[in-house]
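I have placed the structure first, in the form of structure tokens, so that the comments after it can refer back to it.
The values are calculated or read from the model by the stated rules, or taken from the named source; none is laboratory data. The model shown is predicted, which means the values in this text are computed figures rather than measured ones. Cβ coordinates were reconstructed from backbone atoms using ideal geometry, including for glycine residues, and neighbour counts include every protein chain displayed. Remember, those area values only see protein heavy atoms, side chains included, never the ligands or the DNA or RNA. Shrake-Rupley method; radii C 1.70, N 1.55, O 1.52, S 1.80 Å.
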Amino acid sequence: MSLKDENKEIFSFNLLAEPGSGKTPLELLGLLNATTWNDKEPESCMVVEISQKTPVTTYQTAEFIITVGYRPRGYISDIRDNGRQRLNGWQLEVRNQRNDGTLLDGNGETLRLGAEPVYLGYDIYHVEEFNDVDFGMPS
């Protein structure tokens with residue numbers, strides 16, 4: 001599954017990148033917004049796809065389409081392994097359980113009967129200050 005799938009919202013930008021104009025668009029792939037950006041909360045937006053519209057040679061202006069996916073906390077997606085792993089926003093969550101499938105309470109104790117499963121969160125993506133990045137014009 002690609003990062004572009006299962007987003008709550010998608011934003012696209014058209015960027016004309018001059019040679020030597022700072023961070024290259026490809027360096028943004030897979031990064032999250034560190035602070036509020038475009039009225040979206042921190043760590044809720046990720047550069048999920050970058051494509052170059054036409055090939056260019058070195059030292060020419062290149063045109064890119066930058067796609068940003070929006071997944072706020074509480075937006076559950078990418079559920080895998082029979083619900084054992086999922087993304088909550090962009091944070092990986094793993095259901096707290098023993099290898100035999102016994103559910104745990106987050107502190108190593110058996111979960112009481114009828115209680116909701118406990119998920120442990122892991123930050124797996126790096127952040128970037130999106131407000132300092134030129135994404136180009138919305139497309």
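Just the residues that are open to solvent by less than 50 Å² (accessible area, probe 1.4 Å), over 30 Å from THR61 (Cα atoms) and more than 17 Å from the chain's Cα centre (by Cα), please, taken from segment 118-139. Show your work before the answer.
Looking only at segment 118-139, we keep the residues that are open to solvent by less than 50 Å² (accessible area, probe 1.4 Å), and these are 118, 121, 128, 130, 133, 135-136.
This time we only want the ones that are over 30 Å from THR61 (Cα atoms), so: 118, 121.
VAL118, the sole residue that qualifies.
Looking only at residues that are assigned to a strand (DSSP E or B) and of a type in the set (D, E, K, R) in segment 28-71, which one is nearest to ASP132 (Cα to Cα)? Please lay out each step first, then the result.
Of the residues in segment 28-71, the ones assigned to a strand (DSSP E or B) are 32-33, 37, 40, 45-52, 62-70.
Right, trim to of a type in the set (D, E, K, R) and you get 40, 49, 63.
Numbers: LYS40: 15, GLU49: 19, GLU63: 19 Å.
Looking at residues that are assigned to a strand (DSSP E or B) and of a type in the set (D, E, K, R), I get LYS40.
Yes/no matrix, rows are residues, columns are (1) over 11 Å from the mean Cα position of the chain (by Cα); (2) among the aliphatic types (A, V, I, L, M):
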| residue | (1), (2) |
| --- | --- |
| TRP37 | yes, no |
| LYS53 | yes, no |
| VAL56 | yes, yes |
| LEU92 | no, yes |
| ARG98 | yes, no |
| GLY114 | yes, no |
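Considering only residues that are touching a Ser or Thr at 6+ places or on another chain (Cβ under 8 Å) and among the hydroxyl-bearing types (Ser, Thr, Tyr), look in segment 52-91 and name the one that is most open to solvent (accessible area, probe 1.4 Å).
Filtering first and then ranking leaves TYR70.
Please verify whether segment 83-92 includes one or more residues that are at positive phi and modelled with pLDDT under 95. Full working, then the answer.
As a first pass, look at segment 83-92 and keep what is at positive phi: 83, 89.
Subsequent filtering for residues that are modelled with pLDDT under 95 retains 83.
Yes - at least one qualifying residue is present in segment 83-92.
Working only within segment 95-117, note down all residues that are of a type in the set (Ser, Thr, Tyr) and open to solvent by less than 50 Å² (accessible area, probe 1.4 Å).
Of everything in segment 95-117, just one residue is of a type in the set (Ser, Thr, Tyr) and open to solvent by less than 50 Å² (accessible area, probe 1.4 Å), namely THR102.
Among (1) over 11 Å from the mean Cα position of the chain (by Cα); (2) open to solvent by 30 Å² or more (accessible area, probe 1.4 Å); (3) modelled with pLDDT of 95 or more, which single condition is LYS23 missing?
Failed condition: (3).
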